[in-house]
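Contents: one structure, followed by commentary.
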Amino acid sequence: MAKQISVIVITYNRPENLERVLVSIAKQEGVDGKFELIVSDDGSTDHTPSVVEEFGKSVDFPVRFVTHPDRGFELSRTRNDGVRASEGDFILLIDGDCAVPPDHVATHFNERCKGVVRGLETPVWLTEEQSSRVDLENIEDGTFLKEITWRQRCELRKRAFRSSFYSLIRHPRKPRLLGGNMGLFREDYERVNGCDERFVGWGHEDDDLNARMRSVGMRLKSIIGKTYTCHLWHPVAPSRPDDPARGENVSYLYRPVRLSKCMEGLNKRSWGDVTMSLSGAVEEGWMSNAVSGMPFKTVRTNGEVDVICVDDQSAFGLRAFNDAANCKVLICKDVEELHHQLVCEADVLITQSQGLSVKGDPHTYMDQVGDWDRITAWMSGNQLKRPADRAA
């Protein structure tokens with residue numbers, strides 16, 4: 001019988017930290033018989049598998065271990081692997097270097113709500129000295145929580161207050177939740193096709209996941225006033241760039257078009273899986289050729305790509321893009337000057353005109369022939385890179 005909760009712990013080559021985190025999960029209260037544990041590994045080359053195997057023999061709940069070959073830092077893939085291996089309706093993601101309080105899983109489960117994601121903007125960062133005093137014995141009896149200083153607890157309260165304010169005003173980008181402590185329903189994770197596995201190397205997969213969840217109307221709320229995680233100290237990962245704002249994933253994060261349901265996530269999608277809604281008069285000739293060349297799947301309404309065809313200037317005022325569409329495409333005839341709102345909102349503009357004067361978003365893609373191979377490459381940010389090498 002499937003468990004209600006799937007706790008998914010992400011790890012790579014930190015067996016000492018992982019062992020302490022697993023013990024903190026074994027000491028969870030109020031969820032007996034309700035959860036399974038999946039340890040999803042990013043290709044560890046040490047004794048991590050044996051740590052999980054021995055732990056599984058010592059507990060009375062299901063424990064599974066999934067891994068893949070070490071091809072570099074693939075956090076998104078590792079999270080998705082864990083979700084694929086899980087069975088619960090409610091998913092709780094935890095990093096393998098973050099020990100949790102005894103009521104952590106129960107708190108997330110009791111706060112669950114469809115369409116709402118709860119998590120933390122930051123863990124409690126234990127220093128090297130604090131972490132050295134956290135051992136299996138004081139995790140079992142819960143006294144490891146006494147390592148948290150009053151300053152750290154005050155910081156938690158301040159963050160809880162700020163997060164409540166962000167939720168109250170419905171801030172469009174905050175709180176910024178980290179995937180290392182995130183609870184949500186499986187169906188909500190599947191709505192955005194999980195984490196985007198095109199994020200390879202350190203950083204920004206959480207920013208992308210936050211943005212895509214918000215784009216489908218999900219609410220992101222902090223749970224920091226109710227529970228938290230304790231990050232166990234370890235040396236800085238070699239894959240972390242000196243300046244995260246200049247990391248290798250930044251350009252892909254700010255790609256021109258972000259599909260809410262990513263192309264390479266839980267399921268691998270082709271452009272033929274992307275939905276498209278079409279409105280307006282399609283003239284025979286170049287316009288019909290541009291439309292027929294689209295690689296998307298046509299639906300009547302609410303397509304991920306919204307396409308509007310306009311055959312003359314007077315028709316501009318009769319059309320409007322769907323605000324919920326991820327990509328807005330405008331196909332129009334030979335027009336010398338286009339200043340209409342549709343042009344300003346379009347992500348892709350296809351027209352016969354040469355030398356157009358377009359007063360819209362500078363990131364708008366201009367195409368005179370409807371070359372969809374080029375257009376889709378532009379939409380995806382052209383970031384089909386190989387996994388980054390991970391330093392030893």
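Output yes when any residue across segment 198-215 is of a type in the set (S, T, N, Q), crowded, with 20+ Cβ neighbours inside 10 Å, on the phi > 0 side of the Ramachandran plot and within 14 Å of the chain's Cα centre (by Cα), and no when none is. Walk me through how you get there before you give the answer.
The initial filter retains those residues of segment 198-215 that are of a type in the set (S, T, N, Q), namely 210, 215.
With crowded, with 20+ Cβ neighbours inside 10 Å added as a condition, the list becomes 210.
Going one step further and asking which of them are on the phi > 0 side of the Ramachandran plot, we end up with none.
The answer is no, given that none of the residues of segment 198-215 is of a type in the set (S, T, N, Q), crowded, with 20+ Cβ neighbours inside 10 Å, on the phi > 0 side of the Ramachandran plot and within 14 Å of the chain's Cα centre (by Cα).
Evaluation of LYS328 against the conditions (1) without any contact (Cβ under 8 Å) to a residue 24 or more places away in the chain; (2) within 19 Å of CYS344 (Cβ to Cβ); (3) part of a loop (DSSP other than H, G, I, E, B) shows that the sole unmet condition is (3). For beta carbons closer than 9 Å, sequence separation of 6+ or different chains, a first residue in segment 370-385 that is among the hydrophobic types (A, V, I, L, M, F, W, C) and a second that is part of a loop (DSSP other than H, G, I, E, B) and modelled with pLDDT under 80, the qualifying pairs are ALA377/LEU384. Note on segment 76-94: residues that are outside any loop (DSSP other than H, G, I, E, B) and either closer than 16 Å to LEU184 by Cβ or in contact with a helix residue (DSSP H, G or I) (Cβ under 6 Å, 6 or more places away or on another chain) (or both) total 11.
Name the residue that is nearest to SER260 (Cα to Cα), counting only residues in segment 350-381 that are at pLDDT 70 or above and among the polar types (S, T, N, Q). Applying the filter and picking the extreme gives SER380. Within segment 172-199, residues that are under 23 Å from ARG71 (Cβ atoms) reach partners that are crowded, with 24+ Cβ neighbours inside 10 Å and basic (Lys, Arg) with beta carbons closer than 6 Å, at six or more positions or on different chains, in the pairs CYS195/ARG79; GLU197/ARG77. Would you be able to say whether some residue in segment 280-302 is at pLDDT below 80 and either in the same structural domain as SER215 (by TED's automatic domain parsing) or among the aliphatic types (A, V, I, L, M) (or both)? Yes, because at least one residue in segment 280-302 is at pLDDT below 80 and either in the same structural domain as SER215 (by TED's automatic domain parsing) or among the aliphatic types (A, V, I, L, M) (or both). For segment 239-256, the set of residues classified as over 21 Å from THR127 (Cβ atoms), over 18 Å from the mean Cα position of the chain (by Cα) and part of a loop (DSSP other than H, G, I, E, B) consists of SER239, PRO241, ASP242, ASP243, listed by residue number.
Residues checked against (1) at pLDDT 95 or above; (2) out of contact with any Cys (no Cβ under 7 Å at 6 or more places or on another chain); (3) surrounded by 15 or more Cβ atoms within 10 Å (Cβ to Cβ):
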| site | (1), (2), (3) |
| --- | --- |
| ILE25 | yes, yes, yes |
| LYS34 | no, yes, yes |
| SER58 | no, yes, no |
| PHE61 | no, yes, yes |
| VAL66 | yes, yes, yes |
| ASN80 | yes, no, yes |
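The set of residues in segment 151-175 that are in contact with a helix residue (DSSP H, G or I) (Cβ under 6 Å, 6 or more places away or on another chain) and either surrounded by fewer than 18 Cβ atoms within 10 Å (Cβ to Cβ) or in a helix (DSSP H, G or I) (or both) contains only LYS174. Would you confirm whether or not segment 102-120 contains a residue that is under 21 Å from the mean Cα position of the chain (by Cα), within 23 Å of ARG20 (Cβ to Cβ) and small (Gly, Ala, Ser)? Yes, there is a match, as at least one residue in segment 102-120 is under 21 Å from the mean Cα position of the chain (by Cα), within 23 Å of ARG20 (Cβ to Cβ) and small (Gly, Ala, Ser). Among the residues of segment 7-52, the one identified as touching a strand residue (DSSP E or B) at 6+ places or on another chain (Cβ under 7 Å) and without any contact (Cβ under 8 Å) to a residue 24 or more places away in the chain is PRO49. Would you check if PHE55 is assigned to a loop (DSSP other than H, G, I, E, B), over 13 Å from ILE10 (Cα atoms) and among the aromatic types (Phe, Trp, Tyr)? When the stated conditions are applied, PHE55 does not pass them.
How many residues, within segment 254-273, are of a type in the set (Phe, Trp, Tyr) and closer than 18 Å to VAL299 by Cα? Outline the logic, then answer.
Looking only at segment 254-273, we keep the residues that are of a type in the set (Phe, Trp, Tyr), and these are 254, 271.
Subset that is closer than 18 Å to VAL299 by Cα: 271.
So the count comes out to 1.
Quick one: how many residues across segment 185-224 are among the basic types (Lys, Arg) and over 27 Å from ARG162 (Cα atoms)?
Here the count works out to 3.
Of all residues in segment 239-250, those that are closer than 18 Å to GLY72 by Cα have Cβ atoms under 9 Å from Cβ atoms of residues that are surrounded by fewer than 18 Cβ atoms within 10 Å (Cβ to Cβ) and aliphatic (A, V, I, L, M), 6 or more apart or on another chain, in SER239/ALA388; SER239/ALA391; PRO244/VAL250; GLU248/ALA388. Suppose we keep only residues that are in contact with a Cys (Cβ under 7 Å, 6 or more places away or on another chain) and part of a loop (DSSP other than H, G, I, E, B) within segment 100-147. Which one would you say is surrounded by the fewest Cβ atoms within 10 Å (Cβ to Cβ)? Step by step, filter segment 100-147, then rank; the result is PRO123.
The values are calculated or read from the model by the stated rules, or taken from the named source; none is laboratory data. Everything quoted here is computed from the prediction, not taken from an experiment. Glycine also receives a Cβ, built like all others from the backbone with ideal geometry; neighbour counts cover every protein chain displayed.
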